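Taking it in order: structure first as structure tokens, then the write-up.
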There are 2 protein chains.
Amino acid sequence: MSHPVDSAVSAVRTYVEQHRAAFLDDLAEWLRIPSVSAQPDHAPDVRRSADWLAAKLLQTGFPTAEVWQTPGAPAVYAQWPSGDPQAPTVLVYGHHDVQPAAREDGWDTDPFEPVVRGNRLHARGAADDKGQVFFHTLGVRAHLAATGRTAPAVNLKLLIEGEEESGSPNFRALVEERAGRLAADAVIVSDTGMWSEDTPTVCTGMRGLAECEIRFLGPDQDIHSGSFGGAVPNPATAIARLVAGLHDEHARVAVPGFYDGVVELTDRERELFAELPFDEDQWLSTARSHAAHGEAGHTTLERIWARPTAEVNGIGGGYQGPGSKTIIPSSAFVKLSFRLVAGQDPDHVEKAVRAWVAEQAPAGVRYEIAFSPATRPCLTPLDHPALRSVVRAMGRAFDKPVRFTREGGSGPAADLQEVLDAPVLFLGISVPSDGWHAPNEKVELDLLLKGVETAAHLWSDLAAHWRHAP
Amino acid sequence: MSHPVDSAVSAVRTYVEQHRAAFLDDLAEWLRIPSVSAQPDHAPDVRRSADWLAAKLLQTGFPTAEVWQTPGAPAVYAQWPSGDPQAPTVLVYGHHDVQPAAREDGWDTDPFEPVVRGNRLHARGAADDKGQVFFHTLGVRAHLAATGRTAPAVNLKLLIEGEEESGSPNFRALVEERAGRLAADAVIVSDTGMWSEDTPTVCTGMRGLAECEIRFLGPDQDIHSGSFGGAVPNPATAIARLVAGLHDEHARVAVPGFYDGVVELTDRERELFAELPFDEDQWLSTARSHAAHGEAGHTTLERIWARPTAEVNGIGGGYQGPGSKTIIPSSAFVKLSFRLVAGQDPDHVEKAVRAWVAEQAPAGVRYEIAFSPATRPCLTPLDHPALRSVVRAMGRAFDKPVRFTREGGSGPAADLQEVLDAPVLFLGISVPSDGWHAPNEKVELDLLLKGVETAAHLWSDLAAHWRHAP
């Protein structure tokens, strides 16, 4: 005598197995489109990626799928009404643009020619985020097959943006403009990861992000370091001094006012973090790094999940080629990113950084500073009923207890939370070794299919436990 | 009744005027060869430049002109015996390679397509150093025409190397190997400048040069700044901290041991510097810079001529493209150059820098450091008889009193001094606005022709005042 839950689990699993090959072929086709939003040359590819996804969602069964133009790259929107007036409405968020990638960055194969090696599918975007968007296509089909329905148990909406890797400059405006159509009881963000292949977890918050490029301008052109060296300010030296002052001796960010408003971790949250099977050596191996280093008084997990940071993403100036060129460069730049946590206001951080830079440029060195649009931090209540549905759905797919994490990366989830006045939940199956933003990015195929199963169960669970009053 | 000196002056000047057009056409042809020694792609061009020069020297009348291969780029050697057993032997030094240059660095025209605008000839190498090598071709012809000789009054040798802009890595070995043929009573270096168009000067010393590239290696590949930021060392931050510690609060180089052995300026030398018509605003305009900045307790002239320095020539790491990429870079580098003054030993400086870097790399960050072959500093006695010949020859060409300077740049003159046991004299007609190593490098045509005249007079003056005992 089989338990009803078990039959749902096996029905979903059987359907997923039967459709696995076609699902992976389709995903590979999408991954071949180099939808790099940061590089203007790839703008046509980002558009092509949106068109491809919209067509695929119609084919999946969504009665409506549209490409939404923005002043930047287009987003894709799709909806599939439940037909049940008491069903909750959920909005799935993800993105179809990817980070820049080039073979010479250290990829073993072309980043835009997907290859399967063992259980892994390698390609730029495999995990961040095309793979995790795409599991919702087979997910909803498996949900229908297992439940015998012709429409999902929830009113299902998808919003897949095209500028997440460029800081989502037009996302907030898009969401505000289309708030009526996007209205939802909960937002499901599929752009995060879980603890490990063996430890399924639900993420409860993401850091925000503020980014800027600072350029110091010295001589009006490169000048001879023999003729003039030692007697005029060198902007490369000045930018190095600026960066050297970015952190204090405790590895805390030294920009005055940066920590204003930071919500500190509670003892309970620190305990939950400490309960995870964290192996620092293994984590360092995943980070491809050779030492832990960060803010004094905090563990590594606290540093990456719940503490704000400042990092140099790029620095440059003067001669970059082989050999030497004895010049004082005319300018030098640094690209900085600041991760923000709940309680930090990106506008306040920008003001603080601008004031700090203004203090640092030496006499004879002008500066320019430009901020990209920021991403707000967000945090979900641990006891929210929809979060509990996610935990149950994931538990069914993985057949294991589900624990809690946070995400150190950033996404525009907080904009959705704020504009739509809906709680944000995170459903991600990526693992730390997937190499987001790095060469040889991959997704574990087993986990990708668990993501499909989780989505299939989630719509049933939400509809069963979180119905609107009749 | 004309003074004999005046008739020599006018004979030289007349000859130079008559042959000016062909001389400039030939120089332009040479400048079209992009003999960039630092860029391996240009190795064939450096060889072509050497071949071109050797052929031109034979055409000028030198009975011997040879291309001397080295493990790197070739040098050109030529000799023209006087026939007078009591005549002194002089060796002219210069170089036929040039700094890298590309239109997009800020050139108004193609750097390797010479253009004359007014009194200026613009091209990479116009002043540094092809123009100043080339004035010796017409110089020796004018010398013969004005004196009625068929061979120069001195035994004239030329050594024009092909790797000066790359730190002359093979020059010392070449000079040692060929010391017999290069033997000379004095070395004339034509790779320097003078104070200004109105103030002819003779340079009495050059700074030396030690160069290195330091690379800090953090994660084994670029990693996501959201997933790992704040918890591992960032090599770009570390390289910035290294550079920030390169100078102390008095703008002195903070590398322990760097100043060991430095010969301090005498009061007389400081007076000579202070007597020059130095206008700091004008100098800053030439330097295209907006403030003076350097070692406390020294004037600008002292800083650029007689004090050792450390400068960043290039810094880089992480994302360099448009937009942003939220990574922690796997590595970052800095290219440093150190200008050295008399008394400093480049080997000692290298040891000191290596020891300093070893102290600076933080835990988890490995480093690599590579030094290019160094150039020694050199200094010529103010009262040397050959120096007085240079001063007289220059006075005749310019018809003005000649003053004394030093050169902040570097050349392998000290190797010639050391290996050949001969005093080194400097004969250069470049002015600070010529833009060495910078976009739109040029030479003033009037001064170039004064260089021709100076060379013509110098061989007569040296032979008359500095004969070997019979």
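The values are calculated or read from the model by the stated rules, or taken from the named source; none is laboratory data. All figures in this text were calculated on a predicted structure; none of them were measured in a lab. Methodologically, a virtual Cβ is constructed for each residue, glycine included, from the backbone with ideal geometry; neighbour enumeration extends over all protein chains shown.
Can you confirm whether segment A:278-288 contains a residue that is at the interface with another protein chain (Cβ under 7 Å from one of its Cβ atoms), closer than 20 Å to A:Ser337 by Cβ and either not β-branched (Val, Ile, Thr) or not in a loop (DSSP other than H, G, I, E, B) (or both)?
Within segment A:278-288, one or more residues are at the interface with another protein chain (Cβ under 7 Å from one of its Cβ atoms), closer than 20 Å to A:Ser337 by Cβ and either not β-branched (Val, Ile, Thr) or not in a loop (DSSP other than H, G, I, E, B) (or both).
If you check A:Pro470 against the conditions, is it outside the structural domain of A:Val189 (by TED's automatic domain parsing) and surrounded by fewer than 20 Cβ atoms within 10 Å (Cβ to Cβ)?
Yes: the conditions hold for A:Pro470.
Looking at (1) more than 9 Å from chain B (Cβ to nearest Cβ); (2) buried (at least 21 other Cβ atoms within 10 Å of the Cβ); (3) of a type in the set (S, T, N, Q), can you tell me which one A:Asn313 breaks?
All conditions pass for A:Asn313, except number (1).
Consider A:Ala274 carefully, then state whether it is outside the structural domain of A:Asp383 (by TED's automatic domain parsing), modelled with pLDDT of 95 or more and either assigned to a helix (DSSP H, G or I) or of a type outside the set (D, E, K, R) (or both).
The answer is no for A:Ala274.
Name the residue, out of B:Arg376, B:Arg354, B:Arg366, B:Arg303, that is at pLDDT 95 or above, charged (D, E, K, R) and surrounded by 19 or more Cβ atoms within 10 Å (Cβ to Cβ).
Step by step, each of B:Arg376, B:Arg354, B:Arg366, B:Arg303 is checked, and only B:Arg303 is at pLDDT 95 or above, charged (D, E, K, R) and surrounded by 19 or more Cβ atoms within 10 Å (Cβ to Cβ).
For A:Ala296, which of the numbered conditions (1) of a type in the set (A, V, I, L, M, F, W, C); (2) more than 10 Å from chain B (Cβ to nearest Cβ); (3) under 20 Å from A:Met194 (Cα atoms) fails to hold?
(3)
If B:Asp383 meets every condition in (1) free of Cβ contacts under 8 Å to residues at least 60 places away in the same chain; (2) in contact with a Lys or Arg (Cβ under 6 Å, 6 or more places away or on another chain) apart from one, which number is that one?
Answer for B:Asp383: the failing condition is (2).
Go through segment B:216-233 and count every residue that is within 9 Å of chain A (Cβ to nearest Cβ) and under 37 Å from the mean Cα position of the chain (by Cα).
2
Can you find even one residue in segment A:32-49 that is more than 16 Å from A:Glu163 (Cβ to Cβ) and either touching a strand residue (DSSP E or B) at 6+ places or on another chain (Cβ under 9 Å) or free of Cβ contacts under 8 Å to residues at least 60 places away in the same chain (or both)?
No, segment A:32-49 contains no residue that is more than 16 Å from A:Glu163 (Cβ to Cβ) and either touching a strand residue (DSSP E or B) at 6+ places or on another chain (Cβ under 9 Å) or free of Cβ contacts under 8 Å to residues at least 60 places away in the same chain (or both).
Here are some residues: B:Gly408, B:Gly428. Which one is in contact with a Phe, Trp or Tyr (Cβ under 7 Å, 6 or more places away or on another chain), assigned by TED's automatic domain parsing to the domain that holds B:Val175 and within 23 Å of B:Glu163 (Cα to Cα)?
Going through B:Gly408, B:Gly428 in turn, just one is in contact with a Phe, Trp or Tyr (Cβ under 7 Å, 6 or more places away or on another chain), assigned by TED's automatic domain parsing to the domain that holds B:Val175 and within 23 Å of B:Glu163 (Cα to Cα): B:Gly408.
For segment B:324-345, enumerate the residues that are within 10 Å of another protein chain (Cβ to nearest Cβ) and assigned to a loop (DSSP other than H, G, I, E, B).
Once the filter is applied, which keeps residues that are within 10 Å of another protein chain (Cβ to nearest Cβ) and assigned to a loop (DSSP other than H, G, I, E, B), segment B:324-345 yields B:Ser324, B:Lys325, B:Thr326, B:Pro329, B:Ser330.
Return a yes/no flag: does segment A:106-126 have any residue that is under 16 Å from the mean Cα position of the chain (by Cα) and either within 28 Å of A:Arg13 (Cβ to Cβ) or away from chain B (no Cβ under 14 Å) (or both).
Yes - at least one qualifying residue is present in segment A:106-126.
Does B:Arg207 qualify as being basic (Lys, Arg) and facing chain A (nearest Cβ under 9 Å)?
Yes; evaluated as a whole, the condition is true for this residue.
Being of a type in the set (Asp, Glu) and within 18 Å of A:Phe404 (Cα to Cα) is the filter; apply it to segment A:254-277 and report the residue that is surrounded by the most Cβ atoms within 10 Å (Cβ to Cβ).
Restricting to residues being of a type in the set (Asp, Glu) and within 18 Å of A:Phe404 (Cα to Cα), the top hit is A:Glu269.
For A:Gly321, all conditions in the list (1) in a loop (DSSP other than H, G, I, E, B); (2) more than 30 Å from A:Asp220 (Cβ to Cβ) hold save one; what is the number of the exception?
Going through the list (1) in a loop (DSSP other than H, G, I, E, B); (2) more than 30 Å from A:Asp220 (Cβ to Cβ), A:Gly321 breaks only (2).
Check A:Ala102, A:Ala50 and return the single one that is within 14 Å of another protein chain (Cβ to nearest Cβ) and on the phi < 0 side of the Ramachandran plot.
Unique residue meeting the criteria: A:Ala102.
Take segment B:253-267 and flag every residue that is part of a loop (DSSP other than H, G, I, E, B) and within 24 Å of the chain's Cα centre (by Cα).
B:Phe258, B:Tyr259, B:Gly261, B:Val262, B:Val263, B:Glu264, B:Leu265
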